[in-house]
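The values are calculated or read from the model by the stated rules, or taken from the named source; none is laboratory data. Nothing here was measured: the structure is a model prediction, and the numbers come from that model. Quick reminder, even Gly has a Cβ in these numbers, built from the backbone with ideal geometry, and neighbours come from all protein chains shown. Surface accessibility is based on the protein's heavy atoms, side chains included, excluding ligands, DNA and RNA. Shrake-Rupley method; radii C 1.70, N 1.55, O 1.52, S 1.80 Å.
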Amino acid sequence: MDGSHLLALVLAVLAWCAVVGREFTLRHPAWRWYLTGYPLMAARVLLTWRKVAQVNDLTVSYQPTRRVLGELVVRGEALRGLAPRAGLPRPVPGGLQLTVRLRPGQTPAPFLDAADALAHAWRAHAVRVVSPQRGLVVITATAFDPLAEPLDGARESAALLTAVLGVVETGRDWVMDFRRVPHWLIVGATRSGKSTLLARLVSQLAPQPVALVGIDCKGGMELSLFRERFTTLASNRREAVDVLAALVAEVHDRMRACRAAGARSVWELPEEERPVPVVVLVDELAELYLTNGSRADRGEAEQCSTSLLRLAQLGAALGVHLVVAGQRVGSDLGPGVTALRAQLAGRVCHRVNDPGTAEMALGDLNKDAVAVAQSIGTHEQGVAVLAADSGGWVRGRSYLTRPDAAREAAHRHACLAPSLPALQTPVEAGEES
Ligand SMILES: Nc1ncnc2c1ncn2[C@@H]1O[C@H](COP(=O)(O)OP(=O)(O)O)[C@@H](O)[C@H]1O
Ligand SMILES: [Mg+2]
């Protein structure tokens, strides 16, 4: 075969590869990253690692820092330090991961500070640095925002009391698991995605043997869509007072049953005796606490506050869970709010209007998370920082659940709404009025 034939053959093979590659990546979008994005970024990481380490003080030098020059002792730093050893970048969905072994004397702190510089050097959307183990630093770079357009998995969660709400930055499912974290606080400015998240939660819990109780004192505008699946729904504060009092009575009943059986939680009771789990959803928390100053008003607000706190304190072990959504959770709403917040271990912080709210939602758990929550933009509806008292935090985006889809799920599973004897009376009272 002569030269021109060989060239033609190589060109034909290349063209064929390009066409097949294009077809393949169109059919399997997840693979596009591994075939085209990852190799480029990995090359960039390998080529720039030493330079970036040098410039960002990630290097060490074991040269003596003093030298004698003539009759003088001169102090200084060695010109070239040793860059820490990095392994080969490992591909992860939409990004790559680099494990760095610290050299003796190094700490993870400068790596955390260099995250931004690394993101620019590698043309990454974001770089996260963690130190999972002494002497190791793991750098994860993502090429694009995985939360920009999450594809809704219209999946139903398999396990009892867990709900798949969306995706998190690492590409994993955003799962709310009430067995692990019993109570949740959801904050965010108006139109940041709180009610949409509750709608998703309702549609995920609807097929499960779980009693759902709604408290939406803004006239029930949001939660009444799912009324059919709720065991009871309070749409003003008067009703909320009754429903919450009934739930507290229910919790005390369960406590007695557990004590009699020698169980420390309802989960230790035999299955046939175990009461049905209850998830109480509260939208617009402030409506429960704000008063016009009149005595009756203040009394109702105090009753709500005391009952909610009681449920939060006792409910976890007794299968009664709270999900509380609101725009603000500050002590301006009343003294009970701070105590309630301390009991709600799980936090979801959407876009907020003021730094104070982010601080209140996340500050007691993690300082870094506060800054991240403040950077959520107005167009990023449904994006939130998720944190739990275990210390970690992650950014996530809920799947957009339209009201009609949630209503349809509630309707389909309406027959599953368990009745709770303690709650029967307030529901009827509420419907009559
Ligand atoms: N996860 C999401 N993805 C895309 N858009 C969303 C998402 N969550 C909410 N939105 C949009 O934001 C709007 C306001 O959301 P909503 O849940 O009513 O906010 P809030 O209850 O905080 O006032 C919704 O109508 C929807 O269009
Ligand atoms: Mg709302």
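Just a yes or no: is a residue in region 286-303 within 16 Å of ligand 2 (Cβ to nearest atom), in a strand (DSSP E or B) and crowded, with 21+ Cβ neighbours inside 10 Å? For region 286-303, residues within 16 Å of ligand 2 (Cβ to nearest atom), in a strand (DSSP E or B) and crowded, with 21+ Cβ neighbours inside 10 Å: absent. When LEU281 is tested against the conditions (1) away from ligand 2 (no atom under 16 Å from the Cβ); (2) in contact with a strand residue (DSSP E or B) (Cβ under 6 Å, 6 or more places away or on another chain); (3) of a type outside the set (Val, Ile, Thr), the lone failure is (1).
With the condition kept exactly as written, say whether any residue in region 178-185 is within 16 Å of ligand 1 (Cβ to nearest atom) and part of a strand (DSSP E or B). Yes: one or more hits. Against the criterion of being closer than 30 Å to PRO146 by Cα and in contact (Cβ under 8 Å) with a residue 24 or more places away in the chain, GLY95 qualifies.
Pairs are defined by a Cβ separation below 6 Å, a sequence spacing of at least 6 or placement on different chains, a first member in region 383-400 that is within 9 Å of ARG347 (Cβ to Cβ) and modelled with pLDDT under 95, and a second member that is in a loop (DSSP other than H, G, I, E, B) and β-branched (Val, Ile, Thr); the pairs so defined are ALA388/VAL181. Selection of region 121-144 for residues being surrounded by fewer than 17 Cβ atoms within 10 Å (Cβ to Cβ) and closer than 23 Å to VAL60 by Cβ yields VAL130, SER131, PRO132, GLN133, ARG134, GLY135, LEU136. The residue list GLN381, GLN374 contains one member that is touching a Pro at 6+ places or on another chain (Cβ under 8 Å) and open to solvent by 30 Å² or more (accessible area, probe 1.4 Å), which is GLN374.
Taken over region 369-391, the criterion of being away from ligand 1 (no atom under 16 Å from the Cβ), touching a strand residue (DSSP E or B) at 6+ places or on another chain (Cβ under 7 Å) and not β-branched (Val, Ile, Thr) is satisfied by ALA369, ALA387, ALA388. Screening the candidates VAL137, VAL168 for the property of being on the phi < 0 side of the Ramachandran plot, within 16 Å of ligand 1 (Cβ to nearest atom) and not aromatic (Phe, Trp, Tyr) yields one hit, VAL168.
Testing ASN366 on (1) within 16 Å of ligand 1 (Cβ to nearest atom); (2) in contact with a Phe, Trp or Tyr (Cβ under 6 Å, 6 or more places away or on another chain); (3) not acidic (Asp, Glu), one condition comes back false. Which one is that? Result: ASN366 fails condition (1) only.
Screening the candidates THR401, THR357 for the property of being within 16 Å of ligand 2 (Cβ to nearest atom) and either open to solvent by 10 Å² or more (accessible area, probe 1.4 Å) or assigned by TED's automatic domain parsing to the domain that holds ARG128 (or both) yields one hit, THR401. Of the residues making up region 258-285, those that are part of a helix (DSSP H, G or I) and either open to solvent by 50 Å² or more (accessible area, probe 1.4 Å) or within 24 Å of GLU302 (Cβ to Cβ) (or both) number 8. Scanning for something within 16 Å of ligand 1 (Cβ to nearest atom), surrounded by 21 or more Cβ atoms within 10 Å (Cβ to Cβ) and farther than 25 Å from HIS252 by Cα, does region 329-345 turn up at least one residue? Yes, that holds for at least one residue.
All of (1) among the charged types (D, E, K, R); (2) part of a helix (DSSP H, G or I); (3) within 16 Å of ligand 1 (Cβ to nearest atom) hold for ARG351 with one exception: (2).
Taking region 354-381 as the range and being in a helix (DSSP H, G or I) and farther than 23 Å from LEU147 by Cβ as the test, the residues that pass are GLY356, MET360. Working only within region 222-245, note down all residues that are open to solvent by 10 Å² or more (accessible area, probe 1.4 Å) and either among the small types (Gly, Ala, Ser) or within 14 Å of ligand 1 (Cβ to nearest atom) (or both). Residues satisfying the conditions are GLU222, SER224, LEU225, SER235, ALA245. Only one residue in GLY171, GLY219, GLY193, GLY188 is surrounded by fewer than 24 Cβ atoms within 10 Å (Cβ to Cβ) and within 16 Å of ligand 2 (Cβ to nearest atom). Which one? Checking each option against the conditions leaves just GLY219. One residue stands out in region 196-207 among those that are touching a helix residue (DSSP H, G or I) at 6+ places or on another chain (Cβ under 8 Å) and open to solvent by 10 Å² or more (accessible area, probe 1.4 Å): the one that is nearest to ligand 2 (Cβ to nearest atom), namely ARG200. If you go through region 101-126 and keep only what is within 18 Å of LEU88 (Cβ to Cβ) and touching a Lys or Arg at 6+ places or on another chain (Cβ under 8 Å), you end up with ARG101, ALA121, TRP122.
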